[in-house]
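Inspection log for the structure reproduced underneath, given as structure tokens.
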Amino acid sequence: MKLKSLIAAACMGALGTGALAADGKVKVGMITTLSGGGAGLGIDVRDGFLLAAKMAGNDNLEIVVEDDQRKPEIAVQLADKMIQSEKVDVLTGIIWSNLAMAVVPATTAQGKFYLSPNAGPSALAGKGCHPNYFNVAWQNDNLHEAAGGYANSAGFKKSFILAPNYPAGVDALTGYKRLYEGELAGEIFTKLGQKDYASEIAQIRASDADSIFFFLPGGMGISFLKQLSDSGLDLPVVGPAFSFDQGILQAVGDAAIGVKNTSQWNKDIDNPANAAFVEAFQTEYGRLPSLYASQGYDTANLLISAIGKADVSDADAFRAALMEADFASTRGDFKFAANHHPVQTIYVREVIKEGDVFTNKIIGTALEDHANVYVDECKM
């Protein structure tokens, strides 16, 4: 893989034999989190995307990568530069929903395509949907809805729920409550980026909760799980994959073993595309891939499939090619709902230890061929 420095940027070649933009290249701007809290998530999305591009071969796809530092104002500045100066055709990469809300509407308003490898805020799935916006990961509520459904089957009657106070956190608790049939022992919105959860754990202890649901991605989840374990509070925990994914589990350690979490992907999904991805990722980077890496990989392959069918300068044809989703996903069958978010199966995973490595295994299905509740609000 050939890298070219552009501030905090990388360029590399890839593409099948499809139609190309007028200059012979399709230019992709990737804005993602590569430093500070949550950097591991952005690094995995980037690495999965670049791996798919490398595996496709050729030198006709140019990728410019920049670090948003998890700051909306930086992300907006980078998007403006990429669109106006770098002349990118497609933008991608954002991890955090508050950054997506700052960047995506401005991107699509300028006639560019945005392919989300992660953030899927409800505001962009319903009334704020756009023909040029495609989410390749999920709509934010989805994995949390699945967790609520699992909580019912596990017999939880009084969950204490918490998430950070930003768009994805609001969607998380909304999603859990949508399918969860029990009562709430408490509901807390924490500060985004928070690391000390002594107060929240004290409130959980004082409640009569029989279970805990939380959405705390990145370092937030690491801190919470460690502090919860150290507190001696022994309640069953359920959550979405974001707090129990491959890059996080090694830092959490034994405190995560046995925890059930929901995900649309895992390394043991049995299909040829996923097997090839897991093997290639380990070979290329020397580590197991995460959920985020699989999403970056799928996003790149969706883009490559569309470029193989239509010229990116023909917006209608390119949009139709994206909607076809004619690529081999790590998840198996892949299709979009009418609001350009995936219709997919969401699994229940359990944290286990394989040798010295903490990882997940699929133990069941939470929701099958699941879309999102905002489809009818989207008028495109």
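Determine if the range 159-170 includes at least one residue that is closer than 25 Å to Thr33 by Cβ, open to solvent by 40 Å² or more (accessible area, probe 1.4 Å), of a type outside the set (Phe, Trp, Tyr) and in contact with a strand residue (DSSP E or B) (Cβ under 9 Å, 6 or more places away or on another chain).
Yes: the range 159-170 contains one or more residues that are closer than 25 Å to Thr33 by Cβ, open to solvent by 40 Å² or more (accessible area, probe 1.4 Å), of a type outside the set (Phe, Trp, Tyr) and in contact with a strand residue (DSSP E or B) (Cβ under 9 Å, 6 or more places away or on another chain).
Name every residue in the range 191-205 that is polar (S, T, N, Q) and outside any loop (DSSP other than H, G, I, E, B), in order of residue number.
Hits for the range 191-205 are Ser199, Gln203.
Residue-by-condition table, conditions (1) in a helix (DSSP H, G or I); (2) closer than 13 Å to Gly296 by Cα; (3) of a type in the set (A, V, I, L, M); (4) open to solvent by less than 10 Å² (accessible area, probe 1.4 Å):
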site: Ile31; (1), (2), (3), (4): no, yes, yes, yes
site: Leu34; (1), (2), (3), (4): no, no, yes, no
site: Gly37; (1), (2), (3), (4): no, no, no, no
site: Ile43; (1), (2), (3), (4): yes, yes, yes, no
site: Gly48; (1), (2), (3), (4): yes, yes, no, yes
site: Ala52; (1), (2), (3), (4): yes, yes, yes, yes
site: Met55; (1), (2), (3), (4): yes, no, yes, no
site: Glu62; (1), (2), (3), (4): no, no, no, no
site: Glu66; (1), (2), (3), (4): no, no, no, yes
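For the range 245-263, which positions are on the phi > 0 side of the Ramachandran plot and outside any helix (DSSP H, G or I)?
Hit for the range 245-263 is Gly258, nothing else.
Answer yes if at least one residue in the range 303-325 is within 25 Å of Phe242 (Cβ to Cβ) and free of Cβ contacts under 8 Å to residues at least 60 places away in the same chain, and no otherwise.
The answer is yes, given that some residue of the range 303-325 is within 25 Å of Phe242 (Cβ to Cβ) and free of Cβ contacts under 8 Å to residues at least 60 places away in the same chain.
If you scan the range 103-122, which residues turn out to be over 21 Å from Ser329 (Cβ atoms) and either out of contact with any Pro (no Cβ under 7 Å at 6 or more places or on another chain) or not assigned by the TED database to the domain that holds Met30 (or both)?
Val103, Val104, Pro105, Ala106, Thr107, Thr108, Ala109, Gln110, Gly111, Lys112, Ser122
Criterion first (of a type in the set (S, T, N, Q) and over 19 Å from the mean Cα position of the chain (by Cα)) does Gln69 satisfy it?
Spelling it out, it is not the case that Gln69 is of a type in the set (S, T, N, Q) and over 19 Å from the mean Cα position of the chain (by Cα).
Looking only at helices (runs of 4 or more DSSP H) that lie completely in the range 264-376, which have at least 2 residues being touching a Leu at 6+ places or on another chain (Cβ under 7 Å) and open to solvent by 40 Å² or more (accessible area, probe 1.4 Å)? Before you say what the answer is, go through the steps one by one.
Details: elements: 272-285, 291-307, 315-324.
Passing ranges, in order: 272-285.
For Gly186, indicate whether it is open to solvent by 10 Å² or more (accessible area, probe 1.4 Å), in the same structural domain as Ala366 (by the TED database) and not in a loop (DSSP other than H, G, I, E, B).
On the way: open to solvent by 10 Å² or more (accessible area, probe 1.4 Å): yes; in the same structural domain as Ala366 (by the TED database): yes; not in a loop (DSSP other than H, G, I, E, B): yes.
Here the answer is yes, as Gly186 does meet what is asked.
Do we find that Leu34 is over 18 Å from the mean Cα position of the chain (by Cα) and not β-branched (Val, Ile, Thr) in this structure? Please lay out each step first, then the result.
Values: over 18 Å from the mean Cα position of the chain (by Cα): no; not β-branched (Val, Ile, Thr): yes.
Here the answer is no, as Leu34 does not meet what is asked.
Kindly provide the set of residues from the range 203-231 that are over 20 Å from Gly258 (Cβ atoms) and crowded, with 20+ Cβ neighbours inside 10 Å, ordered by number.
Pro217, Gly218, Met220
Being touching a Phe, Trp or Tyr at 6+ places or on another chain (Cβ under 9 Å), open to solvent by less than 10 Å² (accessible area, probe 1.4 Å) and under 22 Å from Leu291 (Cα atoms) narrows it down to one of Phe134, Phe113, so name that one. Full working, then the answer.
On the way: Phe113 fails: under 22 Å from Leu291 (Cα atoms).
Just one listed residue meets the conditions, Phe134.
Does the range 166-173 include one or more residues that are among the acidic types (Asp, Glu) and either without any contact (Cβ under 8 Å) to a residue 60 or more places away in the chain or part of a loop (DSSP other than H, G, I, E, B) (or both)?
No, the range 166-173 contains no residue that is among the acidic types (Asp, Glu) and either without any contact (Cβ under 8 Å) to a residue 60 or more places away in the chain or part of a loop (DSSP other than H, G, I, E, B) (or both).
Using the structure shown, decide if Ala151 is closer than 22 Å to Leu41 by Cβ, modelled with pLDDT of 95 or more and among the aliphatic types (A, V, I, L, M).
Details: closer than 22 Å to Leu41 by Cβ: no; modelled with pLDDT of 95 or more: yes; among the aliphatic types (A, V, I, L, M): yes.
No; evaluated as a whole, the condition is false for this residue.
Within the bounds of the range 108-116, is there any residue that is modelled with pLDDT of 95 or more and under 17 Å from Asn372 (Cα atoms)?
yes
Scan the range 241-250 residue by residue and report those that are touching a helix residue (DSSP H, G or I) at 6+ places or on another chain (Cβ under 8 Å) and open to solvent by 40 Å² or more (accessible area, probe 1.4 Å).
Across the range 241-250, the qualifying residue is only Gly247.
Is it true that some residue in the range 117-129 is farther than 24 Å from Glu368 by Cβ, surrounded by fewer than 21 Cβ atoms within 10 Å (Cβ to Cβ) and not aliphatic (A, V, I, L, M)?
Checked against the condition, which is being farther than 24 Å from Glu368 by Cβ, surrounded by fewer than 21 Cβ atoms within 10 Å (Cβ to Cβ) and not aliphatic (A, V, I, L, M), the range 117-129 yields at least one hit.
From Ala79, Ala75, Ala100, Ala146, which residue is farther than 20 Å from Met323 by Cα, surrounded by 24 or more Cβ atoms within 10 Å (Cβ to Cβ), assigned by the TED database to the domain that holds Lys177 and out of contact with any Gly (no Cβ under 6 Å at 6 or more places or on another chain)?
One residue alone meets the criteria, Ala146.
The values are calculated or read from the model by the stated rules, or taken from the named source; none is laboratory data. None of the values given here were measured: they were computed from a predicted structure. Ideal geometry is used to build each Cβ from the backbone, glycine not excepted, and the neighbour counts take in all protein chains shown. Accessible surface areas use protein heavy atoms only, side chains included; no ligands, DNA or RNA. Shrake-Rupley method; radii C 1.70, N 1.55, O 1.52, S 1.80 Å.
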